[in-house]
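Novice: Have a look at this one.
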Amino acid sequence: MAIIDPYGERFGRAFLVVAVLAVLAGVATAGAYAADPSTATPDPVAYDDAVELGLSSETDELMAGSARIPRVQVFYSQLQYVVGYNGIESFATTLDGDRTERQFGYPLVVYVETFDDGNPGVTDGGLFEAERATEWVPADDAAYVVGSAASSPAGETVVPFSERANAERFAAEHGGRVVDWRAVRDRSFDVDSAATVRSMAPARWVEADERIADATAKERSGEDGGGDRVGDVIVVGEDAPTIDAAARAAPPNATVVVPPGTYEETVTVNESVTIAGEDARVRGDGNGSVIAVRAPNVTLSGLSIDGVGNRTRDPEAAREAAEEDGTWDTNIQLGYGHGDAGILAVDAPGLLVDDVAVETNASGVLLREGSDAVIRDLRVDGSDDWRDGFMGVTGMESRVTVTDSRFEGGRDGVYLHRADGSVIRNSTFVGNRYGTHLMYTGDALIADNAFRNAEFGGITVMTRPSGNAIVGNDVRDSGAGIQASGTRSYVGYNTLADNGLGFSTSARGSLYERNVAVDNEVGAHATTVVPSSRVVANDFVGNDRHAEAGPGALRVWAAGDRGNYWEGANVGLHEPGERAYRPTAPVDAALHREPAAAAVRESPAAALLDRLYGTVPGARSGSIVDPSPAPEPYAPERVAAASDPDSAPIRPDWREELDPATTAATNGMNTHDRNATNETVSQVATAGPRRPADAEGRR
């Protein structure tokens, strides 16, 4: 261990900084005690000027037209931003406990939008609708209808009115009762949350098992997937000269047997058949896709594919989309979804790709227009430089189940676009741009995968999807481990080692727990301006910097009296866990790297600096605090294994630990099913025994 001189130049500068800030703390805190934030009541702002919480991209679509979600805007005493909540119930649920007040201060004023003159009602699908909102009024002055037939994609909807008589008329027509603001605050709401996603993750795994079992069962037919596939058997070379000729001649439910050898051709499948190879290679001519599937319930197995064209997108389709629609989303779908591939499937639900290898600089498997597929034991070898290649699997508006596969090189291992309910598990990604890349895709499960040497990131979720579960993955030697945006996501039990960044807390209203961040440049990065997620029971060991934060309110990373484990947080004279840890503060950030930082931390100047952090909103901006740092790692075995660069991928038994009872639930669960909400999950999310730390296993 290096010997650090606490009186040397480096720590002399650090102590001077602390002393100067401490003087400022005394001045600033004196002023803070005299300040009266209630001297003026702010007026409501245009909602577009608020920092918005609680709305996903799926909700944008579902609430199109006249459907609405009543909104709230809140001015907090220690936050410079106005916070907008989509759904009164989403704001009401933040009032439990003191977590919100610790981060933002107390609400100075709360405004709700009312619908007295907006012709409010309920759509045939049960969504609340109105032609317009009437006005913003203080929450205490409004009347609210609860328990009515009106709902939103997240659950129950509270409908506000400025006049009680109008609220009573709405309740008489659509059910429910009229209450005041106090009753709304005291009410419990059955709404989806990250805890819901957490409880459902094991069931999504089991549902993927069922999809695979259904796809690989012998009882597959051409029309509906039921019945016995006992049709004709056509042997290439005996009954037909080529694979394509055999596929064109085959009736529904037939099996085309492809003997060993290399077949230089392209194949089109227009019937529900099985093409079963045995050490068979299909080689295209370097133009276009090699196998095109345009029928339901097709199986492709035992094949190697090469000779794929190099076109990765269709510029003409993208140009036409830009002219006709003008939306970026459509441009991406038509551009990315019309390139060359080893296997192209269009409007071909029920596809099974099993034991197939593809060599390509374009896409390995390209699915679009509802081509729901099971992909097992697929191996895609892409370009050495991701700029020269494309996707291992591309899924456009197609639910995809990928398991036991390997993606090496190319742009993205798996790219999914509007592919809700997809599952990517038990697979390996090496040398991609992004290992797994989701856009506009919610209710997905990404679990038990290994990612290595991803240029930009192992797992990346963009846009604003909801309900994704990212669990049990192992990401190493990559630009970033996990960067997931959206809402109501669950990120847990992942191992993130030797990356530029371990994980970011980009998803709002989400839960980050039981992750191990070891030997990264930055363990975690807080990115949202207004924090709304829980970060608890994670282990941070050996990182250059355990955590960083962008601009925004104070982030409190704990749940009740349970925090995270931070290597170095408990050095000093205090008992372990008794002193808050601030990974973004200069002294605390150095505790695990520089022994002399402990002496600086115990100084009177540092104590005054703590006072500054605790009382002055300006000093709290862009910072993280863990009020209850754990004395020992939550997962010492994983910490030790992650510190070993030669260790095999780590796959914790998260399914058993989360909720073994949910493994019996297999019926199409998603976070929009209100009956699946488990409000008690958040209470046990951080439970579990603490075991002795394995000091030798840490760097």
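The values are calculated or read from the model by the stated rules, or taken from the named source; none is laboratory data. This is a predicted model, so every value here is computed, not measured. Neighbour counts are summed over all protein chains in view; Cβ atoms, including those assigned to glycine, are modelled from backbone coordinates with ideal geometry.
Novice: How many residues, within segment 145-201, are outside the structural domain of ARG71 (by TED's automatic domain parsing) and basic (Lys, Arg)?
Specialist: The number of residues fulfilling the criteria is 1.
Novice: I'd like the full set of residues that are within 27 Å of GLY472 (Cβ to Cβ) and modelled with pLDDT of 95 or more, limited to segment 166-202.
Specialist: Answer for segment 166-202, where residues must be within 27 Å of GLY472 (Cβ to Cβ) and modelled with pLDDT of 95 or more: ALA201, PRO202.
Novice: For segment 487-500, name all the residues that are touching a residue at least 24 places away in the same chain (Cβ under 8 Å) and either surrounded by fewer than 24 Cβ atoms within 10 Å (Cβ to Cβ) or in a strand (DSSP E or B) (or both).
Specialist: Residues satisfying the conditions are THR487, TYR490, VAL491, GLY492, THR495, LEU496, ALA497, ASP498.
Novice: Filter segment 394-436 down to the residues that are closer than 13 Å to ASN449 by Cβ, aliphatic (A, V, I, L, M) and touching a Phe, Trp or Tyr at 6+ places or on another chain (Cβ under 9 Å), then identify the one that is surrounded by the fewest Cβ atoms within 10 Å (Cβ to Cβ).
Specialist: VAL430
Novice: Could you please let me know if THR615 is modelled with pLDDT under 70 and among the hydroxyl-bearing types (Ser, Thr, Tyr)?
Specialist: Taking the combined requirement at face value, the residue satisfies it.
Novice: Next question. State all residues of segment 32-58 that are of a type outside the set (Gly, Ala, Ser), crowded, with 16+ Cβ neighbours inside 10 Å and either assigned to a loop (DSSP other than H, G, I, E, B) or at pLDDT below 55 (or both); if no residue qualifies, say none.
Specialist: Matches in segment 32-58: PRO44, LEU55, GLU58.
Novice: Within the bounds of segment 296-307, is there any residue that is of a type outside the set (D, E, K, R), over 25 Å from ALA215 (Cα atoms), part of a loop (DSSP other than H, G, I, E, B) and at pLDDT 95 or above?
Specialist: Yes, because at least one residue in segment 296-307 is of a type outside the set (D, E, K, R), over 25 Å from ALA215 (Cα atoms), part of a loop (DSSP other than H, G, I, E, B) and at pLDDT 95 or above.
Novice: Next question, about the same structure. Search segment 340-359 for residues that are among the acidic types (Asp, Glu) and pair each with any residue that is buried (at least 24 other Cβ atoms within 10 Å of the Cβ) when their beta-carbon atoms are under 6 Å apart and the residues are at least 6 apart or on different chains.
Specialist: Pairs found: ASP340/SER289; ASP340/VAL308; ASP340/ALA362.
Novice: Starting from residues that are outside any loop (DSSP other than H, G, I, E, B) and at pLDDT below 95, keep the ones in segment 134-161 and report whichever is surrounded by the most Cβ atoms within 10 Å (Cβ to Cβ).
Specialist: Looking at residues that are outside any loop (DSSP other than H, G, I, E, B) and at pLDDT below 95, I get SER152.
Novice: Only one of these is within 38 Å of the chain's Cα centre (by Cα), under 22 Å from LEU378 (Cα atoms) and free of Cβ contacts under 8 Å to residues at least 40 places away in the same chain: VAL267, VAL293, VAL257. Name it.
Specialist: It is VAL267.
Novice: Let me ask something additional. Within segment 501-528, take every residue that is among the charged types (D, E, K, R) and over 19 Å from ALA589 (Cβ atoms) and give me the one that is modelled with the lowest pLDDT.
Specialist: ARG508
Novice: Here's a follow-up. Quick one: GLU101 ticks every box in (1) farther than 22 Å from GLY176 by Cα; (2) part of a strand (DSSP E or B) bar one, so which box is it?
Specialist: (2)
Novice: Right, next: Note down all Cβ pairs under 7 Å where the first residue falls in segment 104-121 and is part of a strand (DSSP E or B), the second is among the hydroxyl-bearing types (Ser, Thr, Tyr), and they're at least six residues apart or on different chains.
Specialist: Filtered contacts from segment 104-121: PRO107/TYR76; LEU108/SER38; LEU108/TYR76; LEU108/SER77; VAL109/THR41.
Novice: Hey, ILE212 hits all of (1) modelled with pLDDT of 95 or more; (2) surrounded by 14 or more Cβ atoms within 10 Å (Cβ to Cβ); (3) over 39 Å from the mean Cα position of the chain (by Cα); (4) of a type outside the set (Asp, Glu) but one; which does it fall short on?
Specialist: Every listed condition holds for ILE212 apart from (3).
Novice: Take the residues of segment 411-440 that are in contact with a strand residue (DSSP E or B) (Cβ under 7 Å, 6 or more places away or on another chain) and of a type in the set (Gly, Ala, Ser): which is nearest to PRO652 (Cα to Cα)?
Specialist: Restricting to residues being in contact with a strand residue (DSSP E or B) (Cβ under 7 Å, 6 or more places away or on another chain) and of a type in the set (Gly, Ala, Ser), the top hit is SER427.
Novice: Moving on. Out of PHE456, PHE503, I need the residue that is in contact (Cβ under 8 Å) with a residue 12 or more places away in the chain, farther than 18 Å from THR403 by Cα and assigned by TED's automatic domain parsing to the domain that holds ALA547. Which one?
Specialist: The match here is PHE503.
Residue-by-condition table, conditions (1) in a strand (DSSP E or B); (2) surrounded by 23 or more Cβ atoms within 10 Å (Cβ to Cβ):
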site: ALA165; (1), (2): no, no
site: ARG169; (1), (2): no, no
site: ALA172; (1), (2): no, no
site: VAL178; (1), (2): yes, no
site: ARG182; (1), (2): no, no
site: PHE189; (1), (2): no, no
site: THR196; (1), (2): no, yes
site: PRO202; (1), (2): no, yes
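Let's see how each residue does on (1) free of Cβ contacts under 8 Å to residues at least 12 places away in the same chain; (2) of a type outside the set (Val, Ile, Thr); (3) part of a loop (DSSP other than H, G, I, E, B); (4) outside the structural domain of ILE624 (by TED's automatic domain parsing):
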residue: ASN543; (1), (2), (3), (4): no, yes, yes, no
residue: HIS546; (1), (2), (3), (4): no, yes, no, no
residue: GLY552; (1), (2), (3), (4): no, yes, yes, no
residue: ALA569; (1), (2), (3), (4): no, yes, yes, no
residue: GLU578; (1), (2), (3), (4): yes, yes, yes, no
residue: PRO583; (1), (2), (3), (4): no, yes, yes, no
residue: LEU591; (1), (2), (3), (4): no, yes, yes, no
residue: GLU594; (1), (2), (3), (4): no, yes, yes, no
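Yes/no matrix, rows are residues, columns are (1) farther than 15 Å from THR312 by Cβ; (2) touching a helix residue (DSSP H, G or I) at 6+ places or on another chain (Cβ under 9 Å):
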| residue | (1), (2) |
| --- | --- |
| ASP347 | yes, no |
| ASN361 | no, yes |
| SER371 | yes, no |
| VAL380 | no, no |
| ASP384 | yes, no |
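Novice: Out of all the residues in segment 160-183, which are touching a helix residue (DSSP H, G or I) at 6+ places or on another chain (Cβ under 6 Å) and either within 19 Å of TYR111 (Cβ to Cβ) or in contact (Cβ under 8 Å) with a residue 40 or more places away in the chain (or both)?
Specialist: Listed by number, the residues that qualify are PHE161, TRP181.
Novice: Could you list, in sequence order, all residues of segment 316-334 that are part of a helix (DSSP H, G or I), modelled with pLDDT under 65 and of a type outside the set (Asp, Glu)?
Specialist: The answer is ALA317, ALA318, ARG319, ALA321, ALA322, TRP328.
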